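**Q** Below is the structure I would like to discuss, written out as structure tokens.
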Amino acid sequence: MNAREQSQYDHIVIGGGAMGSATAWQLAKRGRSVLLLEQFTKDHVSGSSHGGTRIFRLGHEQKTYTTLGIAALDLWRELEAESNETLVELIGHVDHGPAEVVADIESNLKAQGLACERMSPEQANQRWPGITFDANVVYSPDGGRAHAQRTVDTLWRRTVELGGEIWDNTKVESVEIDGDFAIIETADQTLQTKSVVVSAGAWLPRLIGHHVSLRGHHVSLRPLHAVRAQPSHFAPRPGFDDIDMWPTFIHRGLSAQPEVENSWYGLWTPGEGVKVGSHLVHDELDLDNRSFEINRKFESALQEYVAQWYPGLDADKVTSTTCIYTNEPNEHFILDRKGPLTVCSPCSGHGFKYVPAIGNITADLAMGGTQSVKEWQF
Ligand SMILES: Cc1cc2nc3c(=O)[nH]c(=O)nc-3n(C[C@H](O)[C@H](O)[C@H](O)COP(=O)(O)OP(=O)(O)OC[C@H]3O[C@@H](n4cnc5c(N)ncnc54)[C@H](O)[C@@H]3O)c2cc1C
């Protein structure tokens, strides 16, 4: 047996954010030996998976993501059952905005036999008086809140309980593919495995580049663009401070205010207030000199938007935070494998709701599967 064949782990997963942790959990669950490597600690705030909450929803303009959400919900329940944690709460989700988008969401929900309700902005405002609604509204009772950091903590715990290994504070310096093997260099170790999963979030292109040569095949990754997003939490006004008064919500296609154009999302984060963020307003990101400073121009634009659309929130009582968004040009995911290399991308700013399903898909790929969904191929 040569030295390479002695590789100690069936799989090495690089990146202990939500996606890498879910992949490690799934591999450990299947009895594979797995090592998860994270450059920081479990609860670091420099990536995309920290903080209290994320929106969970089944409604989506594209059928692929409604179907993925349904698969994810089953796996969320499985993870909750085996960990005894509450990770997703179905408190309901509302989309409002232009007729075409709302109609697509409604028809995808209906096509899957899922409940949904169209209502006028006035009816919606009667039900959720803290929000002013745009012209078209669709409500899905199967949407809600996913607990972000709690999910990462749970996945790390379950991975270890199932026999996986996790090394935190271990930065991977390089990944080389040599025939059937991946060679992984950290500051003080060289590791070899027949299956490496790179789920390094915004650092993914830096680790493997945009073009990878494998056994004479040239793999070009679709470009990923990492930016610094800045959501804020707002205090509810007196009379609006009941958590049940707030569904999760997405307000699409607002174009009257160029500074705050396009899609806005939000939800109540227990203990922090109502989070509101923009899908499109962000700063360029310098991964080497990551700034956590709050961009006051974005914050005050957000305050203006909140003052106009959320009578239940005090726009002056605001606490902002920063987070990394990494998008593929069409906001799809990259989940694919070539030889010993599996790539699990940061999932374009809307991946959290699918975390256990993405772990499942990525584990399948790492165990030799192929990607049949065209949008997710390299
Ligand atoms: C502000 C914001 C709001 C969002 N809202 C929602 C939402 O409401 N609903 C939803 O579904 N999704 C949402 N998302 C998207 C979701 O959070 C992301 O898709 C998801 O967290 C990405 O996880 P990840 O594991 O790919 O990336 P990350 O969490 O960034 O994890 C990557 C990990 O790899 C590690 N790493 C990188 N390089 C190395 C290396 N060389 N060696 C070792 N480790 C390394 C990093 O330290 C990091 O921990 C939101 C994202 C943001 C930023």
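The values are calculated or read from the model by the stated rules, or taken from the named source; none is laboratory data. Keep in mind it's a predicted model, so treat the numbers as computed, not measured. Because the Cβ atoms are built from the backbone with ideal geometry, glycine has one as well, and the counts that use them run over all protein chains shown.
**Q** Does H332 satisfy the condition of being at pLDDT below 95 and closer than 19 Å to L75 by Cβ? Before the answer, list the steps.
**A** Numbers: at pLDDT below 95: yes; closer than 19 Å to L75 by Cβ: no.
No: the conditions fail for H332.
**Q** In addition: Give me the residue from region 161-190 that is surrounded by 15 or more Cβ atoms within 10 Å (Cβ to Cβ) and of a type in the set (G, A, S) and, out of that set, nearest to the ligand (Cβ to nearest atom).
**A** The qualifying residue nearest to the ligand (Cβ to nearest atom) is A182.
**Q** So for region 131-144 (the condition being modelled with pLDDT of 95 or more, assigned to a loop (DSSP other than H, G, I, E, B) and of a type in the set (S, T, N, Q)), does at least one residue qualify?
**A** yes
**Q** Further question on the same structure: Please identify the pairs in which a residue from region 105-131 that is over 19 Å from H251 (Cβ atoms) has its Cβ atom under 6 Å from the Cβ atom of a residue that is surrounded by fewer than 16 Cβ atoms within 10 Å (Cβ to Cβ), counting only partners at least 6 apart or on another chain.
**A** Close Cβ pairs (under 6 Å, with a partner that is surrounded by fewer than 16 Cβ atoms within 10 Å (Cβ to Cβ)) amount to A115/P141.
**Q** Could you tell me whether region 125-136 includes any residue that is within 16 Å of the ligand (Cβ to nearest atom) and of a type in the set (K, R)?
**A** No.
**Q** Identify, please: which residue in region 173-200 is of a type in the set (G, A, S) and modelled with pLDDT under 95 and is, among those, farthest from A366 (Cα to Cα)?
**A** If we take residues in region 173-200 being of a type in the set (G, A, S) and modelled with pLDDT under 95, then A187 is farthest from A366 (Cα to Cα).
**Q** When you look at S120, is it closer than 20 Å to G59 by Cβ and within 16 Å of the ligand (Cβ to nearest atom), yes or no?
**A** Judged against the criteria, S120 is not a match.
**Q** Quick one: which strands (runs of 3 or more DSSP E) sit completely within region 300-378 and have at least 2 residues that are buried (at least 19 other Cβ atoms within 10 Å of the Cβ), in the same structural domain as A24 (by TED's automatic domain parsing) and of a type in the set (D, E, K, R)?
**A** The strands (runs of 3 or more DSSP E) meeting that bar are 335-338.
**Q** Within region 150-165, track down each residue that is within 16 Å of the chain's Cα centre (by Cα) and hydrophobic (A, V, I, L, M, F, W, C).
**A** If the condition is that a residue be within 16 Å of the chain's Cα centre (by Cα) and hydrophobic (A, V, I, L, M, F, W, C), then V152, L155 are the ones that fit.
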